[in-house]
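Below you'll find the structure, written out as structure tokens, and then a few comments.
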Amino acid sequence: MEAEESTKDSRLAREFILALPVELDESRWQDILTEYIRDSFVSDGMCADVSIHCDNEGHNPHAHLMVTVRPLDEHGGWQYKTKKEYLCVRDGAEQGFTAEEYAAAKALGWEKQYLFQVGKKKEYMTMEAGLAGGYKRTDKHPKSTKYGRQNPISARWNSEEQLLVWREQWAIVVNKYLEQEGFAERIDHRSFA
């Protein structure tokens, strides 16, 4: 996956630290983690890596879980997280198009905008308008959205709602194993707030 990441600030994985119930032994921790990871992450197209940690006296058992931030496609290749989205104009309206969408948009009259020097200020305009006005283009890159268009799967994975789902799923799985082993203790994914 690292080969797919080209920027210096790329995020390669998402990390979770999961508190493991002290009431259960390591084999049950492995069962809990296997079920949770399979049902919550792997079934949704993520790859996962997990390791279990405890301090020297067996206190504070927890697991470090790393999951991918890029979805896999149907051929096992990495999908995009975001795509460049160009802000194009037509009849005074502005709309974003990815590079793949732009060919069809261009045929419908949408044009990319470029930055031109107009007197002492810079303005975005179409290439045709800039050249017709005799302005000098100051940047070779067309106007684009700040963050691009996010992959809908990545967008869902990055949402606060999804984080709450993962927290709730963790509580459900742990509580199921605590009940199976005859313990009355339960965990709750909700905060005190």
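Out of all the residues in the stretch 31-57, which are more than 16 Å from the chain's Cα centre (by Cα) and touching a residue at least 40 places away in the same chain (Cβ under 8 Å)?
Asp31, Ile32, Glu35, Tyr36, Asp39
Could you please find all residues in the stretch 103-139 being among the hydrophobic types (A, V, I, L, M, F, W, C), loosely packed, with under 13 Cβ neighbours inside 10 Å and in contact with a strand residue (DSSP E or B) (Cβ under 8 Å, 6 or more places away or on another chain)? Explain how you work it out, then say what you get.
Of the stretch 103-139, the ones among the hydrophobic types (A, V, I, L, M, F, W, C) are 103-105, 107-108, 110, 115-116, 118, 125, 127, 129, 131-132.
After this cut, where a residue has to be loosely packed, with under 13 Cβ neighbours inside 10 Å as well, the list is 103-104, 107-108, 132.
Hit for the stretch 103-139 is Leu108, nothing else.
Condition check: assigned to a strand (DSSP E or B), surrounded by fewer than 16 Cβ atoms within 10 Å (Cβ to Cβ) and in contact with a Lys or Arg (Cβ under 9 Å, 6 or more places away or on another chain). Does Glu100 satisfy that? Step through it out loud before you land on a result.
Details: assigned to a strand (DSSP E or B): no; surrounded by fewer than 16 Cβ atoms within 10 Å (Cβ to Cβ): yes; in contact with a Lys or Arg (Cβ under 9 Å, 6 or more places away or on another chain): yes.
So Glu100 does not fit the description; no.
Closer than 27 Å to Leu163 by Cα, open to solvent by less than 80 Å² (accessible area, probe 1.4 Å), free of Cβ contacts under 8 Å to residues at least 24 places away in the same chain and of a type in the set (Asp, Glu), is that true of Asp73? So that I can check it myself, show each step before the final result.
Numbers: closer than 27 Å to Leu163 by Cα: yes; open to solvent by less than 80 Å² (accessible area, probe 1.4 Å): yes; free of Cβ contacts under 8 Å to residues at least 24 places away in the same chain: yes; of a type in the set (Asp, Glu): yes.
It is true that Asp73 is closer than 27 Å to Leu163 by Cα, open to solvent by less than 80 Å² (accessible area, probe 1.4 Å), free of Cβ contacts under 8 Å to residues at least 24 places away in the same chain and of a type in the set (Asp, Glu).
In the stretch 140-182, how many residues are touching a residue at least 12 places away in the same chain (Cβ under 8 Å), closer than 24 Å to Gln30 by Cα and either hydroxyl-bearing (Ser, Thr, Tyr) or open to solvent by 70 Å² or more (accessible area, probe 1.4 Å) (or both)?
Total satisfying the criteria: 5.
Could you tell me how many of the residues in the stretch 45-79 are out of contact with any Lys or Arg (no Cβ under 9 Å at 6 or more places or on another chain) and either assigned to a helix (DSSP H, G or I) or of a type in the set (Lys, Arg) (or both)?
Result for the stretch 45-79: 0.
Quick one: in the stretch 80-97, of everything that is in a loop (DSSP other than H, G, I, E, B) and either free of Cβ contacts under 8 Å to residues at least 40 places away in the same chain or in contact with a Leu (Cβ under 7 Å, 6 or more places away or on another chain) (or both), which residue is most open to solvent (accessible area, probe 1.4 Å)? Before the answer, list the steps.
The first filter runs over the stretch 80-97 and keeps only residues in a loop (DSSP other than H, G, I, E, B), leaving 80-81, 84, 91-92.
Among the residues that remain, those that are also either free of Cβ contacts under 8 Å to residues at least 40 places away in the same chain or in contact with a Leu (Cβ under 7 Å, 6 or more places away or on another chain) (or both) are: 91-92.
Numbers: Asp91: 151, Gly92: 84 Å².
Among those that are in a loop (DSSP other than H, G, I, E, B) and either free of Cβ contacts under 8 Å to residues at least 40 places away in the same chain or in contact with a Leu (Cβ under 7 Å, 6 or more places away or on another chain) (or both), it is Asp91.
Specify the residue that is surrounded by the fewest Cβ atoms within 10 Å (Cβ to Cβ); the eligible residues are those in the stretch 47-67 that are at pLDDT 90 or above and touching a helix residue (DSSP H, G or I) at 6+ places or on another chain (Cβ under 9 Å).
For the stretch 47-67, the residue satisfying everything is Ile52.
Residues that are under 30 Å from Arg11 (Cβ atoms), part of a helix (DSSP H, G or I) and at pLDDT 95 or above: does the stretch 147-159 have at least one?
Looking only at the stretch 147-159, we keep the residues that are under 30 Å from Arg11 (Cβ atoms), and these are 147-159.
Those still in the list that are part of a helix (DSSP H, G or I) too: 152-157.
If we keep only those that are at pLDDT 95 or above as well, we get none.
No, every residue in the stretch 147-159 fails to be under 30 Å from Arg11 (Cβ atoms), part of a helix (DSSP H, G or I) and at pLDDT 95 or above.
The values are calculated or read from the model by the stated rules, or taken from the named source; none is laboratory data. Please read all numbers here as calculations on a predicted model, not as lab measurements. Note that each Cβ is placed from the backbone with ideal geometry, even for glycine, and that neighbours are counted across all protein chains shown. To get the accessible areas, we keep the full protein, side chains included, count just its heavy atoms, and leave off ligands, DNA and RNA. Shrake-Rupley method; radii C 1.70, N 1.55, O 1.52, S 1.80 Å.
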